[in-house]
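Contents: one structure, followed by commentary.
All of the numbers you see were taken from the coordinates with simple rules; none came from a lab. It should be emphasised that the depicted structure is a prediction, and the values quoted were computed from it without experimental measurement. Cβ atoms come from the backbone with ideal geometry, glycine included; neighbour counts cover every protein chain shown.
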Amino acid sequence: MIGRDRMVDEFINFVQIDSPGKAEREMAEAVQQALVDLGLRPYYDEVGSAIGGNCGNLIARLPATADGLPTVMLNAHLDTVAPSQDIRPVIEDDIIRSSGETILGADDKAGVVIILEVLRALVADNAPRGEVIALFTVAEEIGLLGAINLDYSQVQADVAYVMDGGPTVGKMTTAAPYANRMVYTVKGKAAHAGVCPEQGINSILAASKGIAKMTLGRMDDESTANIGLIDGGTATNIVPEQTVATGEARSHSLQKLTDQTEHMAQCMREGAEGIGAEVEIEETRSYDGFAIPDSAPAVQWASAAAEALGFVPQTERGGGGSDANIFNVHGISAIIMATGARDPHTLQETLCISEMVDSARWLLETVHQVNSTPK
Ligand SMILES: [Zn+2]
């Protein structure tokens, strides 16, 4: 039922279509055509215009063939990170990689290909099943914007399988952290650095003193923190008036996230005010975390499917945010499944072909497992 060569051809085709966040139109149209070829009637939602992109989320519904069975959502995102122009995929035995100057785009075009192949198998098979919703989101990599802006009154499901994981088949990410983003605007006072430096307050120095006080990196087994951007000053002969430092913190524990965020703010205030600078602090929640127990149906179905095919089911906590975070907030029990992609967001990104194929077999069997359980 799952066609290896067809999947490889489709993957090679998709990765050569550039699809950065907010500019997924061409990629979406290729997926739309594949869905139409399957006899489905895919449509776009309004999210494209809401986020200033050229394309909304692409949705296709496979109607239920029986009553009383759960609705399953299958999700992958259409956008990739940069550099993504002129990707030239290279196939070496069981591995697909880029030519080295770009990413490959397996994150998340492997997920898109897996879902399309599973839909083909489901269309060909008229076994009793509940509704299957395929949701291809936009702008995942630039802040989960497609998932955040989705109209959940139109798209509801009992469970979602997000095909956006790495190796190896059988592995599921069933928990993800909460995350905050912080912007510290440090205000000093400009002065001529050679003539009257004592009249200035150096905002770069003030920010540095604050950052130096912070505990950053991996805080414990469920929390991380980072200052990732710093921008200040205008010339070497001017005491810099303003410096903006931007950072983040993540934790599977909301309390720890709150504590770390406050710790970083306190350090920045002490460091800056210690030399007379002022700080404005902006803290925003990037996304909420989730934790799905191994006993939950979403995990049980995928685990049973993995076992049925001889793969080892394994659950793990992830360190990143994905569309799954947003689905869980909206009451859809969503887990992330392995696709066979490795080293995402790097020029060394690869896809293992046999793992992608096995991932499709796993997802198909997972849908069968879901439909073996009346609601
Ligand atoms: Zn991804």
**Q.** Leading residue at positive end of dipole, the chain (Cβ point charges), from HIS252, SER333, TYR44
**A.** HIS252
**Q.** Integer Hz, Karplus 6.51/-1.76/1.60 couplings in order for the stretch 131-140, x for Gly and Pro
**A.** 5, 10, 10, 9, 10, 9, 8, 9, 6, 5
Q | Exposure proxy ranking, count of Cβ atoms within 10 Å, fewest first, for TYR161, TYR287 | A | TYR287, TYR161
Q. Which one of GLY170, GLY143, VAL113 is farthest out on the positive end of the charge dipole of the stretch 97-216, using unit charges on Cβ (Lys, Arg +1; Asp, Glu -1) and the Cα centre as origin?
A. GLY143
(Q) Connecting C-alpha atoms closer than 10 Å in a GNM of the chain, tell me which of ALA341, ALA134, ALA193 has the biggest fluctuation. (A) ALA193
Q) Relative to the first principal axis of the alpha-carbon coordinates of the chain, what is the inclination of helix 25-37, with its axis defined by its Cα atoms, in degrees from 0 to 90 and to the nearest 10? A) 10 degrees
Q | lysines whose Cα lies under 23 Å from that of LYS109, excluding same-chain neighbours fewer than 8 positions away | A | LYS22, LYS171
Q: Any chance you could give the angle, 0 to 90 degrees and rounded to 10, that helix 353-370 forms with the longest Cα principal axis of the chain?
A: 70 degrees
Q. How large is ³J(HN,Hα) for each residue in the stretch 216-223, as worked out from phi by the Karplus curve 6.51 cos²θ - 1.76 cosθ + 1.60 (θ = phi - 60°), to whole Hz, x for Gly and Pro?
A. 10, x, 8, 6, 7, 6, 10, 9
Q: Work out the FRET efficiency for ILE142 and SER372 from their Cβ-Cβ distance, taking R0 = 22 Å, and round it to the nearest 0.05.
A: 0.05
**Q.** HN-Hα J in Hz across the stretch 78-87 - Karplus 6.51, -1.76, 1.60, θ = phi - 60°, x for Gly and Pro
**A.** 8, 8, 10, 7, 8, x, 10, 8, 6, 5
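Would you work out the charge dipole size for the chain about its Cα centre, treating the Cβ of every Lys and Arg as +1 and the Cβ of every Asp and Glu as -1, and quote it to the nearest 20 debye?
Working: 26 positive and 52 negative charges, 73 e Å.
Here the chain has a charge dipole of around 340 debye.
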Q: Scan around GLU24 for amide H atoms under 5 Å from its own, H built in the peptide plane at 1.01 Å from N, and keep only partners 5 or more places away or cross-chain.
A: ASN54, CYS55
Q: Would you order LEU104, LEU205 from fewest to most other beta-carbon atoms within 10 Å of each residue's own beta-carbon?
A: LEU205, LEU104
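Hey, got the dipole for the stretch 163-238? About the Cα centre, +1 on K and R Cβ, -1 on D and E Cβ, debye to the nearest 20?
On the way: 7 positive and 6 negative charges, 44 e Å.
The calculated dipole for the stretch 163-238 is roughly 220 debye.
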Q: With unit charges on the beta carbon (Lys/Arg positive, Asp/Glu negative), name the residue among VAL186, ALA207, GLY233 whose Cα is farthest towards the positive pole of the charge dipole of the stretch 184-287.
A: GLY233
Q: Given the options PRO89, PRO197, PRO167, state which has the largest fluctuation in a GNM of the chain using a 10 Å cut-off (strictly under) for Cα springs.
A: PRO197
Q: Could you tell me how many degrees, from 0 to 90 and to the nearest 10, lie between the Cα long axis of helix 203-213 and the main elongation axis, the longest principal axis, of the Cα atoms of the chain?
A: 60 degrees
(Q) For ALA334, what residues show an amide H to amide H distance below 5 Å, using hydrogens built from the backbone and excluding near sequence neighbours? (A) ALA160, ASN328
Q.
P(r) for the chain, please, calculated from all Cα pair distances in 10 Å bins and given in %.
A. 5, 22, 28, 22, 12, 7, 3, 1, 0
Q | Residues with amide H under 5 Å from that of ILE201, placed H, sequence gap 5 or more | A | LYS189, ALA190
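Pulled fully out, how much extra length does the chain show between ALA82 and GLU282, if you take 0.36 nm times their separation in residues and subtract their Cα-Cα distance? Don't jump to the answer; show the numbers that get you there.
Values: separation 200, 0.36 × 200 = 72.00 nm, distance 2.74 nm.
Roughly 69.3 nm would be gained on extension.
Just order 235-248, 105-118 by mean Cβ neighbour count inside 10 Å, highest at the front, would you? Numbers along the way, then the final one.
On the way: 235-248: 17.5, 105-118: 28.4.
Final packing ranking: 105-118, 235-248.
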Q) What ranking do SER303, SER203, SER359 get, fewest neighbouring Cβ atoms within 10 angstrom at the top? A) SER303, SER203, SER359
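For THR215 and SER49, what does the FRET efficiency come to when R0 = 56 Å and r is the distance between their Cβ atoms, rounded to the nearest 0.05? Provide the component values of the computation, followed by the final result.
Working: r = 43 Å, r/R0 = 0.76.
Between THR215 and SER49 the formula returns 0.85.
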Q | Efficiency of FRET from Cβ geometry, ASP343 and GLN33, R₀ 30 Å, rounded to 0.05 | A | 0.50
Q: In a Gaussian network model over the chain where Cα atoms closer than 10 Å are linked, find which of VAL159, VAL138, VAL90 has the largest mean-square fluctuation.
A: VAL90
**Q.** Residues in the stretch 168-208 reached by a label modelled at GLU270 [backbone nitrogen below 17 Å; 7 Å Cα→Cβ]
**A.** 206-208
